[in-house]
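Engineer: One structure, as C-alpha cells, below. Some questions next.
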Amino acid sequence: MDQNFSVWDYVVFLAMLLVSATVGMYYAWKEKGKQTDAEFLLAGRQMSGIPVSLSLTASFMSAVTVLGTPAEVYRFGAMFSLFFISYTLVIVLTSEIYMPVFYRLRISSTYEYLELRFNKQIRFLGTMFFITQTILYTGIVIYAPALALNQVTGFELWGAVVATGLVCTFYCTLGGLKAVVWTDVIQAVVMVAGFCSIIFQALKIQGGLKTILKHAQEGGRLKMWDFNPNPLQRHTFWTITIGGTFTWISIYGVNQSQVQRYLACKNKFHAKLALYLNLVGLWIILICAVLSGLSLYSVYRHCDPWTSQKVKAPDQLMPYLAMHILHDYPGLPGLFVSCAYSGTLSTVSTSITALATVAVEDLIKPQLDSPSPKTLSLLSQGTSVFFGILCIGMAALASLMGGLLQAALSIFGMVGGPLLGLFSLGILNPYANSKGSFVGLMFGFCFSIWIGVGTYIYPPPPSRTLPLPLSTANCTQSRSMPLNLTSLAGYSVLIPWKSTAERSFLMNTVYSLSYLYLSCLGTMVTVIMGTIVSLLTGGKNQIVNSNYLLKKSDLTLGKLFSRNRAAAASPS
C-alpha cells in the first residue's frame, strides 16, 4: 500500500486552514477600533456557554488524542474508555472548587491568584513554570503529528508545520479569544467528522459493529474492569479513575489554557454550563477514539503494520489506516488529516492565547504605570505574534530532539501536578502561607522530575504495561519506512528492558509506577509539605481574605442546604 495524498486531499486540508484564518479576519474587522486587552484576551467576558464548551473540548483534544488514543486501544485494549469516569470527576471538581474562586475574583490570569493569596514571587514562579511547559509542549504538538502523517501519507512535513503555526498565529493575533473560540467550534466538528469517516468505512468493510466487537473480544481488547490495586500496573480501574482525575484536573482546574475560556463567560451559570456541556463533548470524542482503535484492531488483527515494519511507530497506525481504507474516496484521507490538524490548531491557538494573557497580565502590566487600553491591546497582539513564532521555532527544535520527545511530554505532566498542589493549598487550606507554598512547590516539582525522568530512562517492563498480542500471520508484504524518531506515543526508550530479577529496587518500584500517578504524587507532595512548613512558620496566625478561599456557598450542595434551611426557618 503506497498511497499518497491526492489533490482533493490537499484541497480539503487547505480549506480547513482557510476557514480558520477567515474567522480571525472577521473578528478583526468586526472589532476594529474598539478592541481592548479585555476584549482581545477574554472576549469582553461576554461569551455564552455553548461555544465555550466546544472550545474547551477541542483544545483539550490535541493531535495526541486523535493519533495516540486509537493506537493505545489497539495495543492495550478498551480499558482506556474508563477515562469517562475521570472526565466526569474532573468537571465536577473544577466547577465546584476551582472555577467559583477564580470567577469571583474576576482575574484574567490564574497566576494573579497566586499573588493575591501568597506574594509576587510565587506568582512569578508559577508564571514561568507555565510558560516553559506550554512552549515546549506546543512545539511538540505542532511537530510530532506532522512527522507521523508525513511518514505515512507523504504529506509535506515542514509545509504543514509552518502553515499550521502561521495560521494559528494569524487568527489569534487578529481576532483574539473570540476568534480562537469560534475556530475551536469548527475544529471540534472537523475532529468528529474525521473520526466518523474512519469508523463508518471500517464498519462497512468489516461487516458492522457486531463484527468489530467480536474481533475485539477474541483479541482480548474488551477487558475493561481490572480492579487490581497494584499502583505499578499501567492501567487499572484505580490508576485511571484516581490518577487520571489528578492528571486532567491540573489542566481543567488551574491551567490558564482552559481556565481562560470559562472566565470569558458572561456569568457563573454560563461558565458551569460550558464545563458540563464540554463533558458531553469529551465523552463523544472518547467514544470516537475508542471505536477507531477497535476498528484499527479489527482491520489489522492478522497483520499488524507496526511489527511488520509497515509503520515505524504506533502513532502512525491511524494515518496508515486512513490511507488504506479511504484512498478510493478522494478528499476523505484529507478529512482525517484535517481531523488530526484540527486538534493541533485548537491546542496551539489555545496555548498562544494563554501565553499572551499570562505575559501581559503577569509580566508586562505590573511593570507599567497606568498603561492605556490601546497600549495593552497592542501589547497583547504583539505577544501573540511573539509566542506564535516561538512555538514554530520550538517545533523546529523538536525535530532535533529524537527520543527526548517522550521526556518532554512527560515534563508537561510533571509540572502540572505541583502547580495543582500549589493552587489547592491556596484555595482549600486557610493556614497555607507563602513560605509553605514555596517549599511545597519545590518539593513537589523535584519529586515529580525525579520519578518522571527515572521512569523514562528505566521504563517499566511489559509485565507492568501488559501490551496485548499482535499478529503478523497473514502479512504478505512489508514496506520498510525510514525512521527519524518515534513521536506521540513514545515507545522508544533509552535503556533496554531488563528482566525483573536484573532490575534494581528503584526500577521495580518507584520507576515502574503507573504514569497516571505522577501528577497525583506531585500534587500530594506539594500539599503535604506546603501544609507542614506553613504550620511551622506561623500559618495559623495569618488572616486570609475569605474571597481567596473556597466558601460553602460556592458548592452546589452548600447552596441547596442553605436554601432548605432558610425555607425551614421562615414562617409558613
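Engineer: Taking a temperature of 37 °C and a viscosity of 0.692 mPa s, what whole-number D in µm²/s does Stokes-Einstein yield for the range 146-292 with Rh from Kirkwood over alpha carbon pairs? Before the final figure, lay out each step's value.
Structural biologist: Values: Rh = 19.0 Å.
So the translational diffusion coefficient is about 172 µm²/s.
Engineer: Further, regarding this structure: May I ask you to compute the full-extension gain from Tyr276 to Leu397, defined as 0.36 nm times their residue separation minus their alpha-carbon distance, rounded to one decimal in nm? Each step should come with its number before you reach the end.
Structural biologist: Details: separation 121, 0.36 × 121 = 43.56 nm, distance 3.75 nm.
Working it through step by step, the gained length comes to 39.8 nm.
Engineer: Local charge sum around Val101 (other residues, Cβ-Cβ under 9 Å, Lys/Arg +1, Asp/Glu -1)?
Structural biologist: Working: positive: Arg104, Lys551; negative: Asp554.
For residues surrounding Val101, the net value is +1.
Engineer: If I take all pairs of Cα atoms in the range 7-401, what percentage of them are more than 26 Å from each other? Spell out each step's value before the answer.
Structural biologist: Numbers: 40909 of 77815 pairs.
Summing the P(r) of the range 7-401 above 26 Å gives 53 percent of all pairs.
Engineer: In the range 7-401, if the dipole is taken from +1 on Lys/Arg beta carbons and -1 on Asp/Glu beta carbons about the Cα centre, which of Gln201, Leu147, Ser109 is farthest to the positive end?
Structural biologist: Result: Ser109, furthest along the dipole toward the positive end.
Engineer: How much length is gained on full extension from Cys446 to Thr132, taking 0.36 nm per residue of separation minus their Cα-Cα distance? Before the final figure, lay out each step's value.
Structural biologist: Numbers: separation 314, 0.36 × 314 = 113.04 nm, distance 1.57 nm.
Fully extending the segment from Cys446 to Thr132 adds 111.5 nm.
Engineer: Can you give the FRET efficiency for Leu89 and Phe124, using 1/(1 + (r/R0)^6), R0 = 25 Å, r = Cβ-Cβ distance, to the nearest 0.05? Intermediate values should be presented prior to the final figure.
Structural biologist: Values: r = 31 Å, r/R0 = 1.26.
Between Leu89 and Phe124 the formula returns 0.20.
Engineer: Would you report the distance distribution of C-alpha pairs in the range 269-340 as whole percents per 5 angstrom bin, up to the bin with the largest distance?
Structural biologist: All Cα pairs considered, the percentages come to 3, 14, 18, 20, 16, 10, 7, 6, 4, 2, 0.
Engineer: Once you put a point 7 Å from the Cα of Gln367 and another 7 Å from the Cα of Phe269, both along the Cβ direction, what distance in nm separates them?
Structural biologist: For Gln367 paired with Phe269, the spin-label model returns 4.3 nm.
Engineer: Place the peptides 533-539, 47-53 in order of packing, highest mean first, counting for every residue the other Cβ atoms within 10 Å and averaging per peptide.
Structural biologist: 47-53, 533-539
Engineer: Which length gain, in nm to one decimal place, applies between Leu213 and Leu116 when the Cα-Cα distance is subtracted from 0.36 nm times their residue separation?
Structural biologist: Details: separation 97, 0.36 × 97 = 34.92 nm, distance 5.32 nm.
Here the answer is 29.6 nm.
Engineer: Next question. Using alpha carbon centroids, what distance separates the range 208-248 and the range 297-368, in Å?
Structural biologist: Rounded to whole Å, the Cα centres lie 23 Å apart.
Engineer: Also, quick follow-up: Please find the FRET efficiency linking Met25 to Ile50, where r is the Cβ-Cβ separation and R0 is fixed at 25 Å, and quote it to the nearest 0.05.
Structural biologist: Numbers: r = 23 Å, r/R0 = 0.93.
Given R0 = 25 Å and the Cβ-Cβ separation, E is 0.60.
Engineer: Take the residue pairs Lys210/Lys272; Lys178/Lys268; Lys120/Lys540; Lys30/Lys120; Lys178/Lys552; Lys120/Lys551 and return only those whose Cα atoms are more than 26 Å apart. Write down the numbers at each step before the final one.
Structural biologist: Working: Lys210/Lys272 38 Å; Lys178/Lys268 18 Å; Lys120/Lys540 21 Å; Lys30/Lys120 37 Å; Lys178/Lys552 33 Å; Lys120/Lys551 24 Å.
Exceeds cut-off: Lys210/Lys272; Lys30/Lys120; Lys178/Lys552.
Engineer: Okay, moving on. Which peptide among 277-283, 517-523, 324-330 comes first, and what is the full order, when sorted by highest mean count of other Cβ atoms within 10 Å? Numbers along the way, then the final one.
Structural biologist: Values: 277-283: 20.4, 517-523: 25.6, 324-330: 16.1.
Averaged packing, sorted descending, gives the order 517-523, 277-283, 324-330.
Any read-out appearing in this document is the output of simple, stated calculations on the displayed coordinates, not a laboratory observation. In this text the structure is predicted, and so the values were computed from the model without any measurement. A quick note on method: Cβ atoms are made from the backbone with ideal geometry, for glycine too, and the neighbour counts reach across all protein chains shown.
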